Amino acid sequence: MKRASDNYTFLTHAPVHQVIFTMAAPTIISMLSTSMYNLADTYFVSSINTQSVAAVGISFCMMAVIQAVGFFFGHGAGNYISRQLGAKHIDNARKMAATGVVFSFMAGLCITLLGLTFLTPLSILLGSTPTILPYTERYLGIILLGAPMMTTSLTLNNLMRFQGNTLYAMKGILSGVALNLVLAPLLILYFCLGITGAAVATLISQCFGCLMLLYMTHKGQNIRIELRHFTPSKTYLKEIVAGGTPSLSRQGLGSISTLMLNVAAGAYGDAAIAGMSIVTRTAFFTYAIVIGLGQGFQPLCGFCYGAHLYRRVREAFGFCIKCGTIFLALCAIAGFIFAEPIITLFRDESEVVRVGTAALRWQVMSFPLVAFIVLTNMLTQTIRKPIRANLVAAARSGLFFIPLIIILPHCLGLLGVEMCQACADVCSFVLAAPIAWSAFRDMKKEPGERQKTQQSFGK
């Protein structure tokens, strides 16, 4: 398999900065593109009313759950695939690719059935007030129809990325986003379908993007997704769980934290929910670049770890942290200075702008810490340190955020809601630092043991 050989040489021997930028650039574009679905809907429905903006923000909780499932199977299968390709075990990689995709689609189908069955209580649970509820039901009911395609898209995207084929993954994702950016204003504004048009545009675009990604797996040197390779064995399921659980924790807890944020903000009215929703979407758009950088690091990390090139893993980790921290520091400065115009861009309503501006300024203060947290999570996930990976993954949105979103508003009111994420980021950084150190410490102990294991496997 020529592709595996080419990727192996590039990922394990080319200059680290060249590999990272080559892998990260398409991945960053893919991440930004994915975040554009919700951001575009937020922007275009902002011309309707505050309730529509709030409904899109509330529905993001459920979209985060769908994304969590897609990342669970994509990262779980993808981490295993990258290590197997690094060790040149191609057949194992083929079987895992098909298994991950089939399970992802089935999981998405379950989400659709359960979500539509319990649509009203789900909308209320996510934070809908009586005035927002009709808009949430209308938007979310359509979005849920696309759950199988969304989970499959994210899985396919990550499988290609972990193979080092980020360009193909980017093309597939971009096709769906481009269609959404055309359909959203057309259906929302021209055909006057409002929030229904936003949901339909996203649904059609997600389906189209999924089909394009599936087509891309048959292009170039990608591992083709073939049902005959579907292998629902205990071994593969165990690998998916070990490699994918940190992503599920990160994304799933992100959904729970958004839910709790909506509930906490809801005590201060619809405008507070709308303002916090805008900040959450804006911050996620910024984080997408650093997450994309980290995901560009993962193929190199997986291949080099599988090939026992631990020093190269350490070098790439340090390089990515430097780049990510500098970028986020610049974003923090810009975000603090231009917080009000950024919020006004989405909703020019005094109370929404007031809440959103304060929240955004608090959140950008912790931006420079996020790169280290994200990279530590991706490092421990890729080298199969599931407990440590889960701890870091759960930190920002769960381990620290959930207690803080309960305590801070009780003590400080709306200010507590606005500053909660920044406080959680500081705590997460303190946790991530010793975990990263321990991961590299363990690598020093592994070469001898891994060598013996490899020799035994060969016999």
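Bear in mind these aren't lab numbers, they're just calculated from the coordinates by the rules spelled out. As the structure is a computational prediction, the values presented were derived from the model and not from experiment. Ideal geometry is used to build each Cβ from the backbone, glycine not excepted, and the neighbour counts take in all protein chains shown.
What the table below lists for this structure:
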{"item": "F191, F60 arranged by Cβ crowding within 10 Å, fewest neighbours leading", "result": "F191, F60"}
{"item": "Directionally averaged shadow of the range 2-444, computed from the convex hull of its alpha-carbon atoms, nm²", "result": "18.8 nm²"}
{"item": "Nearest-ten-degree value, helix 147-162 long axis tilted from longest Cα axis of the chain", "result": "40 degrees"}
{"item": "Under 13 Å, Cβ to Cβ, from R228 - net charge with Lys/Arg +1 and Asp/Glu -1", "result": "+1"}
{"item": "Dipole magnitude (debye, nearest 20) for the chain, charges at Cβ of Lys, Arg, Asp, Glu", "result": "2120 debye"}
{"item": "Residue order, fewest to most surrounding Cβ atoms within 10 angstrom, among F319, F440, F73", "result": "F440, F319, F73"}
{"item": "With Cα atoms, 0 to 90° folded angle of helix 310-337 axis to the chain main axis", "result": "10 degrees"}
{"item": "For the range 71-167, fraction of C-alpha pairs farther apart than 18 Å, in %", "result": "54 percent"}
{"item": "Cα-Cα P(r), the range 1-151, percent of pairs per 5 Å interval", "result": "2, 9, 14, 15, 15, 13, 10, 8, 7, 5, 2, 0"}
{"item": "Angstrom value of the Kirkwood radius, inverse mean 1/r, which spans all Cα pairs in the range 323-386", "result": "13.2 Å"}
{"item": "Residues whose placed amide H lies under 5 Å from that of S47, excluding near-sequence neighbours", "result": "none"}
{"item": "Whole-Å semi-axes of the range 214-345's equivalent ellipsoid (Cα gyration tensor)", "result": "36, 23, 15"}
{"item": "Residue-by-residue Karplus 3J(HN,Hα) for the range 434-443, coefficients 6.51, -1.76, 1.60, Hz, glycine and proline x", "result": "x, 5, 4, 4, 5, 5, 6, 4, 5, 4"}
{"item": "Signed unit charges on C-beta, dipole axis of the chain, positive-most listed residue M63, G100, A329", "result": "G100"}
{"item": "Charge dipole of the chain about the Cα centre (unit charges at C-beta), most positive-ward option of V417, Q221, L119", "result": "Q221"}
{"item": "23 Å tail of the calculated P(r), the range 187-289, as % of Cα pairs", "result": "60 percent"}
{"item": "Mean Cβ neighbour count within 10 Å, used as a protection proxy, ranking 287-293, 342-348 highest first", "result": "287-293, 342-348"}
